[in-house]
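The values are calculated or read from the model by the stated rules, or taken from the named source; none is laboratory data. For clarity, every value in this text was computed on a predicted model and none was experimentally measured. Positions of Cβ are backbone-derived with ideal geometry, glycine not excepted, and every protein chain shown enters the neighbour counts.
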Amino acid sequence: MRMIKRGSISRSKALCIRLAAAVLSLLVCAIVIVAITKQNPLEVYAGIVDGAVGTGRRLWVTIRETIFLLIVAVGLTPAFKMRFWNIGAEGQILMGGAVSAAVMIYLGKSLPNALVILLIFVSSALIGMLWGLIPAYFKARYNTNETLFTLMLNYVAMQIVTFCIVYWENPPGSNTVGVINAANRGGWIPPLFGTYGMCVLLVAAVTVFIAIYMNRSKHGYEIAVVGESQNTARYAGINVKKVIIRTMMLSGAICGFAGALIVSGSSHTISTGTAGGRGFTAIIVAWMSKFNPAIMVIVSLFLAFMQQGAIQIASQFGLNENASDIITGIILFFLIGCEFFVNYRLEVTIKNSPKH
Amino acid sequence: MEEYAIELQGVTKSFGSVLANDHVNLTLKKGEILAILGENGSGKTTLMNMLSGIYFPDEGTIRINGKEVVIRSPRDAFELGIGMVHQHFKLINVFTAAENIILGLEGKNILSRRDMEKEVAEKIRQIAEKYGFDIDPYQKVYNMSVSQKQTVEIIKIIYRGADIFILDEPTAVLTPQETKKLFAVLRNMQEAGKSIIIITHKLNEVLEISDRVAILRKGKSIREIRTSGAVAEFLTEMMFEGKTFLDINRSEPEDRGVRISMEGVSVRAADGVLKLDNVSFKVSAGEILGVAGISGSGQKELVEAIAGLQKAETGKIVYYPPEGEAKLLSSMAPSEISKTGVKLAFVPEDRLGMGLVGSMDLTDNMMLRSYNEGKGFFADRRAPRELAEDVVKKLEVVTPGVNTPVRRLSGGNVQKVLVGREIASSPTVLMVAYPARGLDVSSAYTIYNLLNEQKEAGAAVICVGEDLDVLLELCDRIMVLSGGKLTGIVDARSASKEDIGMLMIGEGMKQ
């Protein structure tokens with residue numbers, strides 16, 4: 001057996017391979033379900049679908065989880081395209097969320113709602129920008145390792161949020177902030193066509209903007225060149241340091257804004273779990289989509305769908321939530337694994353190996 | 001048929017829709033040196049990669065020492081006694097020569113590291129003595145010159161007991177002296193009964209070293225002939241179907257005034273080594289100034305300093321435009337240089353690492369110089385696309401289209417894309433570093449003619465080169481660097497290779 005790199009592959013053939021992988025993964029999942037839980041796999045699948053989109057409320061929750069994952073993945077895209085390994089989205093989200101909560105707490109009762117929301121958006125983007133600027137500055141100036149730097153900043157953000165929770169604790173002794181402005185809904189993003197309609201619109205706008213920014217703008221071109229080769233960038237007269245700093249500020253700003261959407265649009269509170277690991281899951285989304293925003297929508301939807309389905313089957317079949325993680329894992333294994341067959345074909349040689 | 005070390009019959013290999021090798025037949029006799037000639041992209045390297053187990057043929061049979069074999073991996077090739085020295089060395093920089101040589105070999109017994117090194121070093125010394133290599137087994141690879149690294153690669157193969165050697169353009173990176181040394185070694189190896197295949201573009205080397213020549217054209221084998229019966233013109237003719245390109249059309253320079261002057265410029269590398277030491281010269285519009293020197297004598301720093309990529313520690317670099325005021329380049333970054341309207345074109349030595357972005361297509365690579373033109377947020381892709389199509393047509397770039405990543409093109413075509421882009425802006429100063437390195441004769445002469453066109457159009461051309469024959473034929477004046485110092489500027493029409501050779505080593509001997 002030999003692996004042979006394919007020179008090119010037609011779109012329809014690549015699609016067939018991916019579809020075959022998806023079907024195969026569901027079959028393997030079914031076998032695993034029967035073997036471990038003795039449940040009817042079709043019922044379990046139905047449970048997942050029911051959990052994700054079974055009722056209007058569940059559908060909205062799935063949409064909410066999708067767009068939160070999507071906006072973080074979109075925010076990470078410019079940085080990753082530049083080969084700047086920003087694993088600090090978690091911290092950027094938390095900082096954006098904390099500032100949003102602060103605006104809601106201190107101004108949400110006195111200013112008009114539209115102004116409060118505007119302030120939330122601007123301030124959360126600014127703090128995310130700052131959280132992206134810090135590692136970018138040190139990378140550009142001293143060539144520090146951005147992976148460690150952004151990771152450590154996550155912990156700093158976590159500590160700041162912990163401090164804020166103590167400071168804003170409500171009711172006292174609960175060790176949580178509680179729902180902010182439950183009475184007047186100050187700083188809450190108002191519903192549109194449904195609970196999270198406004199958030200959907202905002203995330204869609206950001207996604208479209210980044211898609212255009214990366215593919216059509218001068219900045220996007222600079223990012224691609226810097227990511228491929230800093231030497232070439234310097235040769236072409238691109239100011240590499242400036243591009244690194246500018247791009248990370250943008251990336252951080254979007255992640256900070258994601259924190260605002262989560263706090264002001266959904267949870268209306270702040271906790272150390274506000275980011276909920278989305279900063280890391282989004283890295284998977286971005287890479288799996290090969291930084292194509294359109295595919296990111298699909299991947300985010302899939303992950304959110306499975307996550308919501310998990311909660312359902314956990315209660316319906318008395319499984320724990322990890323059962324769905326196993327299913328997600330198997331499906332991802334097949335979907336990512338099939339890329340190998342898109343890039344390579346296997347060939348079986350019949351002749352015997354040389355004798356020595 | 002025992003006398004053949006290698007027999008290839010009907011070997012075919014395609015990559016997607018591109019047929020790299022089309023039913024190639026080739027024989028290598030035992031104890032002979034066979035040269036393989038062919039244009040860029042004619043399938044030489046692909047063919048050799050199949051012998052060394054990197055690619056697997058789609059069709060055809062391979063016989064080694066008369067026996068039909070299947071080579072699935074480099075390990076298979078190595079067990080059959082085939083060793084290949086690639087164009088790009090595959091050595092680990094932080095290891096010593098000895099460590100690199102035994103890397104991946106199974107140890108007989110676990111001695112202490114020092115004992116093992118001693119044993120290996122002893123064996124390496126024996127090999128070096130036998131074939132006339134010059135090597136220090138304990139030297140770290142990062143301290144080695146290109147030629148020393150090549151020595152390590154060759155000894156690595158001998159150490160592993162190979163008796164068939166494949167060398168992919170071994171002389172492309174060597175000075176004339178180093179080439180001579182390499183050839184002496186190859187002859188010693190031949191006398192010891194080793195069979196050798198050498199890929200090269202340089203005809204005089206083919207005539208000097210090889211017993212027979214095999215010619216490939218467009219993936220097909222054309223002919224195998226005895227070298228003694230071949231003359232250079234005949235070989236070129238066979239390679240390019242009757243086209244010969246052995247003359248460069250050099251016109252008399254027209255003095256149109258100084259374009260660039262360098263005054264007492266010194267450049268220091270990041271590690272503190274002085275790379276360019278107090279260099280002063282002038283270059284005029286309408287002339288080609290050659291830059292010669294042993295590799296690493298400061299040529300790279302010289303052109304990069306003018307382009308603004310290296311900071312001049314001392315001295316001034318001044319640009320005199322055809323009209324208007326002189327500009328001080330040495331205080332500007334590359335982005336500022338282009339903003340102030342200096343039409344400086346630069347074809348760097350590292351084409352895919354600096355001049356182009358390998359993963360981007362032709363259009364996006366054309367944009368590298370122009371993306372920032374025009375106002376607004378969006379980058380214009382229409383003009384670069386037209387330019388790409390234009391370059392493909394005018395310079396006969398072989399590519400499936402302008403949407404193909406340049407990395408997929410062969411070396412000569414990559415260079416055509418790069419040069420095509422750089423001259424498109426009708427530059428007033430054109431700098432090229434090793435413009436024909438790795439190119440076949442036909443592509444090389446296309447590039448030389450483009451340089452001449454630019455000269456006639458009034459550009460000041462600075463050409464860093466390694467082939468003195470070409471520099472003497474192409475340039476109007478040649479400046480020679482040695483150890484970062486300018487050792488002389490000669491008239492290319494009257495100077496001899498020996499004159500330049502003396503200048504090249506002039507400083508080196510004092511050290």
* Do we have any residue at all in region B:282-295 that's at pLDDT 90 or above and assigned to a helix (DSSP H, G or I)? -> no
* Right, A:I63: at pLDDT below 90 and over 30 Å from A:A136 (Cβ atoms) or not? -> no
* Structure fact -> Within region A:202-211, of all residues that are touching a helix residue (DSSP H, G or I) at 6+ places or on another chain (Cβ under 8 Å) and within 14 Å of another protein chain (Cβ to nearest Cβ), the one surrounded by the fewest Cβ atoms within 10 Å (Cβ to Cβ) is A:A211
* **Residue identified as closer than 30 Å to B:K316 by Cβ and more than 11 Å from chain A (Cβ to nearest Cβ) among B:E386, B:E396, B:E349** => B:E349
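Could you name every one of the helices (runs of 4 or more DSSP H) located completely within region A:146-242 that has at least 3 residues being more than 30 Å from B:G308 (Cβ to Cβ), without any contact (Cβ under 8 Å) to a residue 24 or more places away in the chain and in the same structural domain as A:M296 (by TED's automatic domain parsing)? First the steps, then the outcome.
Working: elements: A:146-168, A:197-216, A:218-228, A:230-235.
Qualifying helices (runs of 4 or more DSSP H): A:146-168, A:197-216.
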* Asked: Can you find even one residue in region B:70-93 that is exposed (fewer than 15 other Cβ atoms within 10 Å of the Cβ), more than 30 Å from B:K220 (Cα to Cα) and away from chain A (no Cβ under 14 Å)?
  -> yes
* Asked: Taking region B:264-281 on its own, how many of its residues are surrounded by fewer than 17 Cβ atoms within 10 Å (Cβ to Cβ), part of a strand (DSSP E or B) and over 26 Å from the mean Cα position of the chain (by Cα)?
  -> 3
* Asked: Looking at region B:181-188, is at least one residue over 30 Å from B:S443 (Cα atoms) and part of a loop (DSSP other than H, G, I, E, B)?
  -> no
* Structure fact -> Taking region B:104-131 and keeping only residues that are at pLDDT 85 or above, exposed (fewer than 14 other Cβ atoms within 10 Å of the Cβ) and either of a type in the set (A, V, I, L, M) or within 30 Å of B:E169 (Cβ to Cβ) (or both), one is left with B:Q126, B:E129, B:K130
* Asked: Looking at region B:315-334, is at least one residue closer than 24 Å to A:M82 by Cβ, at the interface with another protein chain (Cβ under 9 Å from one of its Cβ atoms) and assigned to a helix (DSSP H, G or I)?
  -> yes
* Asked: How many residues does region A:212-261 contain that are of a type in the set (S, T, N, Q) and more than 9 Å from every other protein chain (Cβ to nearest Cβ)?
  -> 4
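Which ones in region A:314-348 are part of a helix (DSSP H, G or I) and of a type in the set (V, I, T)?
Once the filter is applied, which keeps residues that are part of a helix (DSSP H, G or I) and of a type in the set (V, I, T), region A:314-348 yields A:I326, A:I327, A:T328, A:I330, A:I331, A:I336, A:V342.
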* So B:V391 fits all but one of (1) under 24 Å from the mean Cα position of the chain (by Cα); (2) more than 18 Å from B:M431 (Cβ to Cβ); (3) within 7 Å of chain A (Cβ to nearest Cβ); what number is the exception? -> (3)
* Kindly list the number of the only condition in (1) among the β-branched types (V, I, T); (2) under 28 Å from the mean Cα position of the chain (by Cα); (3) farther than 23 Å from B:S147 by Cβ that fails for B:I101. => (3)
* Structure fact -> Scanning region B:352-378 residue by residue, those more than 9 Å from every other protein chain (Cβ to nearest Cβ) and closer than 14 Å to B:E422 by Cα turn out to be B:L362, B:T363, B:N365, B:M366, B:S370
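Test A:A114 against the stated conditions and say whether it is buried (at least 16 other Cβ atoms within 10 Å of the Cβ) and assigned to a helix (DSSP H, G or I).
no
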* To do: Of the numbered conditions (1) over 27 Å from A:S251 (Cβ atoms); (2) assigned by TED's automatic domain parsing to the domain that holds A:S267, A:C29 fails exactly one; give the number of that condition.
  => (2)
* Asked: Within region B:23-37, how many residues are over 12 Å from B:D168 (Cα atoms) and in contact with a helix residue (DSSP H, G or I) (Cβ under 8 Å, 6 or more places away or on another chain)?
  -> 5
* Structure fact -> Flagged in region B:300-314 as farther than 25 Å from B:R256 by Cα and in a helix (DSSP H, G or I), in numbering order, are B:K300, B:E301
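Here is a yes/no grid of residues against (1) assigned by TED's automatic domain parsing to the domain that holds A:V285; (2) among the polar types (S, T, N, Q); (3) within 30 Å of A:G194 (Cβ to Cβ):
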position	(1), (2), (3)
A:A21	no, no, no
A:Y45	no, no, yes
A:N86	yes, yes, no
A:L107	yes, no, yes
* Evaluate the following for B:V342: is it closer than 29 Å to B:V391 by Cα, more than 8 Å from every other protein chain (Cβ to nearest Cβ) and touching a Gly at 6+ places or on another chain (Cβ under 7 Å)? => no
* region A:264-288 - residue that is surrounded by 24 or more Cβ atoms within 10 Å (Cβ to Cβ) and of a type in the set (G, A, S) and, of those, farthest from A:G108 (Cα to Cα) -> A:A286
